[in-house]
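See below for the structure under consideration.
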Amino acid sequence: MTDASGVNDKVLRPEIAASWRRSEIAGLTHEMVLERLQIGDFESSSQLLTAAVPVLDGVARDLTGLTYSLLLADAECRIVGRWFDRPTIDSTLQRAGAVTGSRWKESDVGTNGLGTPAEVRSGMWVHGAEHFASVLSGFTCYGLPILHPLTRRVEGVLNITVHPDDAHPCFRPPSPGSSMTSNSD
């Protein structure tokens, strides 16, 4: 059966189908992502940012020349950092609402590369039309939750986003149940 997004729900991977069910239960539709997006303040001196920014600055330098963006979200799935190689990527992200301070919880915007990994507490690949919101179908994302080493709470999510045509075969989840552990106290 093909739904309003144009995706045949029989071909969705099980983890994506489960996310779509959660999105539908939350009352979301494929067209409504931007109107549900919440923009707010975040702690700019958080331990997450203090630890991650120097590392992600280095990763961004290493990825120079590739078409990508790196997004860092806090425990509430609010984007607290953005890195990208080209201004066109920045403008594309802005049009989709992926701006600093925007919150991408799965219950707010559906299946996506920030909220869904946080929800399932595992690395997650979301390719093109697998995003619940049709406005996000032009992106391929891999999100990896950052877990506190002692409490195992989600402290944030690291996301790399590319155009679906630029997704490399190495751009895959390392293993089911994968996550990063933060070194913060």
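The values are calculated or read from the model by the stated rules, or taken from the named source; none is laboratory data. Because the structure is a prediction, the values reported are computed rather than measured. All Cβ positions, glycine included, derive from the backbone under ideal geometry; neighbour counts span all protein chains shown. Surface areas here come from the heavy atoms of the whole protein model, side chains and all, with no ligands, DNA or RNA. Shrake-Rupley method; radii C 1.70, N 1.55, O 1.52, S 1.80 Å.
With labels modelled as points extended 7 Å from the Cα through the Cβ direction, what inter-label distance (nm, one decimal) is found for Glu76 paired with Ala51?
2.0
Considering only protein heavy atoms and a probe of 1.4 Å, how much of the accessible area of segment 1-149 is carbon and sulfur, as a whole percent?
In segment 1-149, the share of accessible area belonging to carbon and sulfur is 55 percent.
Could you let me know the centre-to-centre spacing of segment 116-157 and segment 35-86, using Cα atoms, in angstrom?
If we compute the Cα centre of each part, the gap is 14 Å.
What is the sum of charges around Lys105, taking Lys and Arg as +1, Asp and Glu as -1, for the other residues whose C-beta is under 14 Å from the C-beta of Lys105?
Result for the local shell: 0.
Under a 5 Å amide H to amide H cut-off, with H placed in plane at 1.01 Å, what residues pair with Trp104 once short-range neighbours are removed?
Long-range HN contacts for Trp104: Arg78, Ile79.
List every residue whose amide H lies under 5 Å from the amide H of Ala133, counting only residues 5 or more places away in sequence or on a different chain, with H placed 1.01 Å from N in the peptide plane.
Result for Ala133 returns Thr111.
Accessible surface of Phe139 in the full protein assembly, 1.4 angstrom probe, to the nearest 10 Å²?
Approximately 20 Å² for this residue.
Between rounded, prolate and oblate, where does segment 1-155 land on the alpha carbon gyration tensor, with a ≥ b ≥ c its root eigenvalues, rounded for a/c under 1.5, else prolate if a/b exceeds b/c?
Judged from the Cα gyration tensor, segment 1-155 comes out prolate (a/c at least 1.5, a/b above b/c).
With a 1.4 Å probe and all protein chains in place, put Arg82, Arg22 in order of accessible area, largest first.
The residues order as Arg22, Arg82, largest area first.
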